[in-house]
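The values are calculated or read from the model by the stated rules, or taken from the named source; none is laboratory data. It should be emphasised that the depicted structure is a prediction, and the values quoted were computed from it without experimental measurement. Counting neighbours? That spans all protein chains shown, and the Cβs are built from the backbone with ideal geometry, glycine included. Side chains included, ligands, DNA and RNA excluded: accessible areas come from the protein's heavy atoms. Shrake-Rupley method; radii C 1.70, N 1.55, O 1.52, S 1.80 Å.
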Amino acid sequence: MKKRAIGAAVLSAVTVAALAFGTNSPTDAKAAKGVNNQKAKNVILFVGDGMGTDHRDAIRLAAVGANGKLAMDDMPAVGRVHTSSGNSFVTDSAAAATAMASGVKSYNGAIGVNMKGKPVQTVLEKAKLAGKTTGLVTTSQVTDATPAAFGAHVKDRSAQSDIAKQYLENSKIDVILGGGEDYWYPKGNEGAHSDAPPEDKTEGSKGTQGNLVNKAQKLGYTYVNNENELKYAKGTKLLGLFANEEMFQQAPEGQGDVYNPQVSLKDMTKKAINTLSQNKKGFFLVVEEEAIDEMAHNNNAELMIKAGKQLDDTVKMAKAYAKTHPDTLVLVTADHATGGLALEKVDNKDNGGNEASKEDGPFAIAHSKEQFVADWTTEEHTSSDVPLNAMGAGSERFTGVYENTYLHDALLKAMNLK
């Protein structure tokens, strides 16, 4: 992932206020009206990378207006998640995803390992051992930090070819859909997506573990690289790589920024659900929208909002599936917040800071004549808590205020796994 290293963190006033309340245990099931406490046969975990509360609010205002509800907000179980890593009060995506996947706090950059660099089994791996099918869907590289932490164990998140090989040989993930073809082919062995494309000349095959696409096919995976192939793909094991790197181009507004994935997050997720649900024992699926984070790193509110709308459309589809399959648990959360975002009224007297961190907009508020601006305070991650919403089987376990490690424990309990 082409991100800046986490620099000076921003501890927002909102976070300070949240810390004052302390960390409460999740509330009793009876306190959350409408939640479902039955065993979860299926789990669909959505991660809006970098999506804090104000990011959700910006998406909501632009998509459905001040009085509307996003699909991801309209769920009966509501939680708030602390995001610190094992070596910093400001996490990166790798440590945050490791906490959610394995239930341990680790150092920034860690993928599925503890503070000593020792592998720690993930909830996805435990679901696989219990006979469930498993899947990873993302608009980032499929081997990027968030999906990787659920299906691999490396000391450094940059070892993306090692991660891909572990997906195939160790965790044996059934469905893998997203970008990142460059890490599946060795240098000089161009895949379906051209090396040095016009939009980014630095992209190109750079794998370190041989031709992993060929390896996947020998292991029984159906390999696809475009929307049409995905649509008609058959079988129970599926690998889809739809871009060299991320499935978008991250940049400030007007400087080469593009969010138009070759295959939409919704279509990838729908195909993953259809494929995984062939298993009578159920499935565990992680779905990530990466562009929320990377556009926030570039203080690009326009495309952050566009990506957020795509995520919400995908959540809406998953909720419809869960309503006809009541043994399904759907969760939406984030690994951390990015950009120190605040939403404000349009005020020409407030220039919002310097070139690196400034006001962005204005943006129309749906179903009204009002507008808002996005005021960025950093280009990096912050320590803010992130929201979590859940519905379906076992969702009562996710109400309250808790550490990100709690998600691992609660997911196991929801599925009745040890």
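Working only within the range 371-416, note down all residues that are over 18 Å from the mean Cα position of the chain (by Cα), open to solvent by 10 Å² or more (accessible area, probe 1.4 Å), within 19 Å of Ala97 (Cβ to Cβ) and not acidic (Asp, Glu). Correct list: Leu412 only.
Out of the range 153-184, which residues are within 16 Å of Tyr221 (Cα to Cα) and either of a type in the set (S, T, N, Q) or assigned to a loop (DSSP other than H, G, I, E, B) (or both)?
So the first thing to find is which residues in the range 153-184 are within 16 Å of Tyr221 (Cα to Cα), and the list is 164-178, 181, 184.
Selection gives Gln166, Asn170, Ser171, Lys172, Ile173, Asp174, Trp184.
Does Val401 qualify as being out of contact with any Leu (no Cβ under 7 Å at 6 or more places or on another chain), outside any loop (DSSP other than H, G, I, E, B), modelled with pLDDT of 95 or more and under 16 Å from Pro252 (Cα atoms)? In short, no.
Among the residues of the range 284-301, is any open to solvent by 10 Å² or more (accessible area, probe 1.4 Å) and not in a loop (DSSP other than H, G, I, E, B)? No, there is no match, as no residue in the range 284-301 is open to solvent by 10 Å² or more (accessible area, probe 1.4 Å) and not in a loop (DSSP other than H, G, I, E, B). Checking each residue in the range 242-265 for being farther than 17 Å from Ile176 by Cβ and touching a residue at least 60 places away in the same chain (Cβ under 8 Å) picks out Phe248, Gln250, Glu253.
Given the criteria more than 29 Å from Met317 (Cβ to Cβ) and under 16 Å from the mean Cα position of the chain (by Cα), does Asp156 qualify? So Asp156 does not fit the description; no.
Which residues, taken from the range 252-273, are at negative phi and small (Gly, Ala, Ser)? Explain how you work it out, then say what you get.
Just the residues of the range 252-273 that are at negative phi, to begin with: 252-253, 255, 257-273.
Within the range 252-273, Ser264, Ala272 meet the criteria.
Restricting attention to the range 103-152, the residues being in a helix (DSSP H, G or I), open to solvent by 10 Å² or more (accessible area, probe 1.4 Å) and under 30 Å from Asn244 (Cβ atoms) number 2.
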